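Chemist: Questions regarding the structure given below will be posed in turn.
Every number here is computed from the coordinates shown, using simple stated rules; none is lab data. Fair warning: this is a prediction, and the values are worked out from it, not measured in the lab. Note that each Cβ is placed from the backbone with ideal geometry, even for glycine, and that neighbours are counted across all protein chains shown.
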Amino acid sequence: MSNQDHEPCATGDLEVRSLSDHEWRVGDRRCHERSPKKVLGYIEKRGSAFEVMNIEAPRRHVMFDHFESAVASFASVSPT
């Protein structure tokens, strides 16, 4: 599954849904709830860290120290 044709998402367009006390789904609030483009990835709390699985790179899991940083990793970054 991939959303490679998905438009980049700004931080304000991110939507976080709790799946359990340690798992969250990150989506694009601009997309319809039933659209496969809605889901950007998942965050899972592992110990004191947060593991991100981005649909764009499903085999690459990235760890973050803070939940907010994990969520922000789904937002587009402007080139500098």
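Chemist: Compare the Cα positions of HIS22, VAL62, HIS32 along the charge dipole of the chain (+1 at Cβ of Lys, Arg; -1 at Cβ of Asp, Glu; about the Cα centre) and return the one farthest towards the positive end.
Modeler: With unit charges placed on the Cβ atoms, the residue in question is HIS32.
Chemist: For a footprinting-style exposure proxy, rank MET53, MET63 by other Cβ within 10 Å, fewest first.
Modeler: On the way: MET53 16, MET63 12.
With the sparsest Cβ surroundings first, the list reads MET63, MET53.
Chemist: Now a separate question. Would you mind estimating how fast the chain diffuses translationally, via Stokes-Einstein at 4 °C and 1.567 mPa s with the Kirkwood radius over Cα pairs, in µm²/s? Each step should come with its number before you reach the end.
Modeler: Numbers: Rh = 12.8 Å.
The diffusion coefficient I find is 101 µm²/s.
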